[in-house]
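Quick notes on the structure that follows.
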Amino acid sequence: MNLNHYILAFRNTQRSCLKLGRFGTTPPKNPPPPNNGIVKIGKFIGEIKNKGQYKPGQFFIHKSFAYRGVVVKAFDAPVYGSNGKNDKEKSVTIPHYQCLIHKDDWSSSKLPLDLTQYLSDTPERNQSSMTTVHGMDCVDHSEIMPYNPTSEAGYKIMDHDIFERLFEPSDKNQKAFSSFSIRKTLIEPYEKKKMSWMAPQSVHKYVSENIEITITTFYLGHVQKLSNPTHTWRYVIKLKNLTDKPITLLEQTMKLYTTQATKHINQTGTDGIVTILPTKRPCIKFCRNVEIAHAKGGYLWGKLKFTKEDGTKFDFQISSVPLEPLGSRDYNRIDSNDEPPVE
């Protein structure tokens, strides 16, 4: 099917072929659309397959979580294990994007409320002030299904608290479709500011027992506590069920190694709740912050315990994930053309 010739429709029920569905019970903020809950929101455009990035203002549907999003900023991230071989010595550079999520979809996608956080920039930096950005997600390039939104009256293209503060219409002459870009007053500071808390430092993929686990690390910054700095890291784990049968996550045991000590991080399921990965929602995400005394030298590793539908239990081993800012590692990099594309 050539998606360029089809109008994208979003409905308040599941569509298994594209997984464009609402997954929760929270009522949408917008009034129910006519035509049995179906509304035209735009037209699919061609995906960027080779080298290249989507620009800020590009609207899309997330392939796994089925939410409507818009690209805010692109980052090149080193991805380890993208060839399915769990290769920890070579990485492929793949674009990742910080994106805003439509408020209706954020309420129903079951993503963690604190998925994106950063340390507030205070003059003293002597206190840890963590700020959460609701409705923001970091998305792999391969998960984006881009589309141009329709400009039909009465339908909010992107419902997010900071969307209108960041974006402005880029072509007011278009009648059928709408396009947006970063506000002109924000372009220069937007391009100069590093915003390291938004940039994935490394991405690690593991595949075993028909489960794909992706761990993405973020360096949030450091806080000076007395004479010793404390460096805050964030890791986000995405679980994807590659089968058509449900799997239960029983327990996660992560260990944080630093030059001073090894810390155990034990939980049952996600956020203490046993989580089912049914075929209707094959992906879940959960996240956590960890603090270490040094910018380099930290590692995560551990295991996740699952049970299958027949009661069989198995462990998913996660090898070491470094907590070191980009530029400080000596891993070999290989060009993305030397490896098969992700998924």
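Quick notes
- When +1 charges are put on Lys and Arg Cβ atoms and -1 charges on Asp and Glu Cβ atoms, the dipole computed for segment 200-325 relative to its Cα centre reaches about 180 debye.
- Computed FRET value (nearest 0.05) for K51 with E164, which takes r as the C-beta separation and R₀ as 22 Å: 0.10
- Among T268, H294, F314 - extreme Cα towards positive end, dipole of segment 200-325, charges at beta-carbon: H294
- Close amide H contacts of E251 (hydrogens built in the peptide plane, cut-off under 5 Å, sequence separation of 5 or more or a different chain): G269, K305.
- Computed over segment 200-325, relative contact order equals 26 percent, with contacts defined as Cα pairs under 8 Å that lie 6+ residues apart.
- Using 0.36 nm per residue and subtracting the Cα-Cα separation, the extra length available between K255 and E188 on full extension is 20.0 nm.
- Note: segment 200-325, Cα convex hull, 98 Å³ per residue.
A short reminder: the numbers here are calculations on the coordinates, not readings from a lab. Note that this is a predicted model, so its numbers are computed, not measured. Methodologically, a virtual Cβ is constructed for each residue, glycine included, from the backbone with ideal geometry; neighbour enumeration extends over all protein chains shown.
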